Structures are given as C-alpha cells and as structure tokens.
Amino acid sequence: MTDKTVALAADHAGYELKQSLAEELVSLGYRLVDLGTNGPESVDYPDYGKAMADALTAKRAPRGVIVCGTGIGISIAANRNPSVRAALCHDSTTARLARQHNDANVLAIGARVTGLETAKDMLRAFLDTPFEGGRHGRRVEKLGAP
Ligand code: RB5
C-alpha cells in the first residue's frame, strides 16, 4: 500500500501497548494518526472503536490498529461501521490471514492477552501482507464493505 499512514486507537487497558506500537510504526517509517486515549485514566472502549471507524470513513488513514484489554470490545465497536473490517488477532498467522482472506483494514489486539513481541510480529504481518483477492474478493464483497 502506498499510503504509509496508520491510525491508532486504544482504551486505558490498551494505552501502553498503543504507545509501544506507535514507536514501532515510526521506526518502520509510518505516519501516525493517534486517536487516543493518551493516558491510563479509565475511558470507554466504544468511543475509541467509533473514533477509528470515523477516521477510516473520513479517509484520514487507510488502515488502523485498535487495542483494548482483550481486543474484543473495541473490535465490536469498530465493526459496527460497514467501512471497517477489524480482525481480532492473536499471533502473526491470524494477522497474515486477516489480510490475505478478509482484507482486514483494522488490526485489533488485546493488550492483556498479548505480549509486546507478539504484538509487533502481528503488526508487521498486518502491514506487509496483501489481500489475495479471487474467491476471497467475492466473500469480502458480501460483507457489504465499500
Ligand atoms: C476495560 O477494563 C476492558 O473491559 C476493556 O479494555 C476491554 O477488554 C473490553 O472488551
């Protein structure tokens, strides 16, 4: 993908991991759109899932990374917008397949269930893997994505 912009959003449980992934992204040459949260104070994950969906819809970034404690709540929230295909992944294999088969445009990670090195591996797999298209294209179209 030519646009090297990645949007990031997290709740308080995902805040620290979001910061670490932001550093990793900068070191890999990506430009960031940081949608918060920006501290450890308790916030509500639906607000940050929606912020990610709104940012992608507004074309502020072509893809994003969202983080909460498990990755579940924030991915449910983001996926309420049909422009979003957020995939909750747990390792580089699921992150790679989320791109190859599902054309995921958002990587969701659970900070309380994922180590930093695994999260970085997932991030690289998510960013570097193209969509396979073909039969998967038909299926993704059926999801109603634009
Ligand atoms: C916050 O405590 C936690 O519930 C949230 O980060 C997330 O795991 C919800 O799915």
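Just so it is clear, none of the values below were taken in a lab; they were calculated from the coordinates. The model shown is predicted, which means the values in this text are computed figures rather than measured ones. Methodologically, a virtual Cβ is constructed for each residue, glycine included, from the backbone with ideal geometry; neighbour enumeration extends over all protein chains shown.
A few comments on the model shown:
- Within-9-Å neighbourhood charge of THR37 [Cβ basis; K, R +1; D, E -1]: -2
- Debye intensity ratio in log₁₀ form over the Cα atoms of the range 66-116, taken at each q of 0.12, 0.13, 0.20, 0.30 Å⁻¹: -0.22, -0.26, -0.60, -1.14
- Note on LEU32 and GLN100: their simple-model spin labels are 3.0 nm apart, each label 7 Å out from Cα toward Cβ.
- Springs join every pair of Cα atoms under 10 Å in this Gaussian network model of the chain, and among TYR45, TYR30, TYR15 the largest mean-square fluctuation is at TYR30.
- Relative contact order of the chain, pairs being alpha-carbon contacts under 8 Å that are 6 or more residues apart, as %: 23
- Each residue of the range 56-68 is assigned a 3J(HN,Hα), and the resulting list reads 5, 4, 7, 6, 6, 7, x, 7, x, 10, 10, 9, 9 Hz, derived from the Karplus form 6.51 cos²θ - 1.76 cosθ + 1.60 (θ = phi - 60°), x at Gly and Pro.
- FRET efficiency estimate (nearest 0.05) - Cβ-Cβ, ARG80 to ARG124, R0 30 angstrom: 0.60
- Helix 116-128 axis, angle to the chain major axis (alpha carbon atoms, nearest 10°): 30
- Overall shape: oblate for the range 16-69, with the ratio a/c of the largest to smallest alpha carbon gyration tensor axis at 1.5 or above and b/c at least equal to a/b.
- Residue-count net charge about HIS12 - beta-carbon cut-off 14 Å; Lys, Arg +1, Asp, Glu -1: -3
- Remark: the GLU24-ARG60 segment gains 11.0 nm on full extension, using 0.36 nm per residue and subtracting the alpha carbon distance.
- Residue among GLY49, GLY39, GLY29 with the largest mean-square fluctuation in a Gaussian network model of the chain, springs linking Cα atoms under 10 Å: GLY29
- Summed residue charge, Cβ within 15 Å of PRO62's Cβ, Lys/Arg positive, Asp/Glu negative: +3
- Centroid-to-centroid separation of the range 91-132 and the range 46-85 [C-alpha atoms, Å]: 15
- ALA7 long-range amide H proximity, modeled H, under 5 Å: VAL33, ARG63, GLY64, VAL65
- Only helices enter this figure: runs of n ≥ 4 DSSP H residues, each worth -39500 (n - 2.57), summed and divided by the residues of the chain, yield -13000 deg cm²/dmol at 222 nm to the nearest 500.
- Pairs of Cα atoms farther than 20 Å apart, the chain, %: 40
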